[in-house]
Amino acid sequence: RNPSFGLVGSSNEIDSVRTNILRVADTSTSVLIRGATGTGKELVAQAIHDHSLRAKQPFVAVNMAAIPTTTAISQLFGHAKGAFSGAERDHKGYFGQAQKGTLFLDEVGETSVETQAALLRVLETKRVQAVGVEKNFSVDVRVISATDADLDQAVENGSLREPLLHRLRAFEIE
């Protein structure tokens with residue numbers, strides 16, 4: 001019998017979610033969690049992290065819908081002091097904060113098209129370029145994302161890059 005992971009209920013569907021958490025936890029695979037609002041997507045992401053080899057490392061949760069396009073690159077990848085007006089100190093960015101741990105990108109379907117290209121590059125190369133810094137640096141971060149959006153439809157209408165969707169959903173839990 002699987003642990004409950006704080007997920008309430010007993011059904012074949014919820015048992016399948018619990019089994020999938022255990023199946024993917026000890027891998028470094030990117031996971032896409034899909035489900036309606038309020039169904040516990042962040043709880044599932046936290047359970048995957050807590051049962052992984054990264055459990056003692058940071059779990060950083062980011063609501064992509066809440067990040068303005070104008071500051072998304074700096075917030076995700078960091079910036080150097082003086083890189084732009086208002087950058088009064090170096091900032092690691094969410095990828096830097098999650099180093100060796102897990103970065104949870106909630107509402108990933110809301111990521112701006114401009115930010116998607118940079119995010120795809122980081123997922124492909126495992127390297128981050130902070131704003132105002134010449135050299136990029138290596139990151140060891142597992143990415144788990146979640147959405148209630150129809151991402152296949154988003155790819156069709158051009159609001160989501162297909163290669164990014166493929167990288168994010170190496171393993172999918174619904």
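The values are calculated or read from the model by the stated rules, or taken from the named source; none is laboratory data. This structure is a prediction, so every number in the text was calculated from the model and none was measured. In this analysis, Cβ positions are derived from the backbone assuming ideal geometry, glycine residues included, and neighbour counts consider all displayed protein chains. Calculation scope for accessible area: heavy atoms of the full protein, side chains included, ligands and nucleic acids excluded. Shrake-Rupley method; radii C 1.70, N 1.55, O 1.52, S 1.80 Å.
Just checking, does the stretch 97-112 include any residue being outside any strand (DSSP E or B), of a type in the set (Ser, Thr, Tyr) and buried (at least 19 other Cβ atoms within 10 Å of the Cβ)? Within the stretch 97-112 (the criterion being outside any strand (DSSP E or B), of a type in the set (Ser, Thr, Tyr) and buried (at least 19 other Cβ atoms within 10 Å of the Cβ)), the answer is yes, since at least one residue qualifies.
Exactly one residue among Ser85, Ser145, Ser159 is buried (at least 18 other Cβ atoms within 10 Å of the Cβ) and not in a helix (DSSP H, G or I), and that residue is Ser145.
For the stretch 35-53, what are the residues that are open to solvent by 40 Å² or more (accessible area, probe 1.4 Å) and either among the small types (Gly, Ala, Ser) or not in a helix (DSSP H, G or I) (or both)? Residues satisfying the conditions are Ala36, Thr37, Gly38, Thr39, His51, Leu53.
Given (1) over 23 Å from Arg167 (Cβ atoms); (2) at pLDDT below 95; (3) in a helix (DSSP H, G or I), identify the lone condition not met by Ser4. For Ser4, the failing item is (3). Scanning the stretch 162-174 for residues that are in a loop (DSSP other than H, G, I, E, B) and over 15 Å from the mean Cα position of the chain (by Cα) yields one hit, Glu174.
With respect to the conditions (1) over 19 Å from Lys100 (Cα atoms); (2) at pLDDT 95 or above; (3) not acidic (Asp, Glu), Ser52 falls short on a single one, namely (1).
Listed residues Thr29, Thr19, Thr37; which is within 18 Å of Val62 (Cβ to Cβ) and not small (Gly, Ala, Ser)? Step by step, each of Thr29, Thr19, Thr37 is checked, and only Thr37 is within 18 Å of Val62 (Cβ to Cβ) and not small (Gly, Ala, Ser). Contact annotation: no residue pair with Cβ atoms under 6 Å, 6 or more positions apart or on different chains, pairs a residue in the stretch 89-114 that is in contact (Cβ under 8 Å) with a residue 60 or more places away in the chain with a partner that is assigned to a helix (DSSP H, G or I) and open to solvent by 40 Å² or more (accessible area, probe 1.4 Å).
Scanning the stretch 1-22 for residues that are surrounded by 12 or more Cβ atoms within 10 Å (Cβ to Cβ), polar (S, T, N, Q) and without any contact (Cβ under 8 Å) to a residue 40 or more places away in the chain yields a total of 4. Look at the stretch 23-34 and say how many of its residues are farther than 10 Å from Thr102 by Cβ and open to solvent by less than 60 Å² (accessible area, probe 1.4 Å). Number satisfying all stated conditions: 8.
Taking every residue in the stretch 145-171 that is within 19 Å of Phe104 (Cβ to Cβ) and pairing it with any residue that is of a type in the set (S, T, N, Q) and open to solvent by 50 Å² or more (accessible area, probe 1.4 Å), at least 6 positions away or on another chain, the pairs with Cβ-Cβ distances below 6 Å are Asp148/Thr37.
Okay, residues lined up against (1) under 26 Å from Arg89 (Cβ atoms); (2) not small (Gly, Ala, Ser):
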residue: Ala36; (1), (2): no, no
residue: Glu42; (1), (2): no, yes
residue: Ile48; (1), (2): no, yes
residue: Lys56; (1), (2): no, yes
residue: Ala61; (1), (2): yes, no
residue: Met64; (1), (2): yes, yes
residue: Pro68; (1), (2): yes, yes
residue: Ser74; (1), (2): yes, no
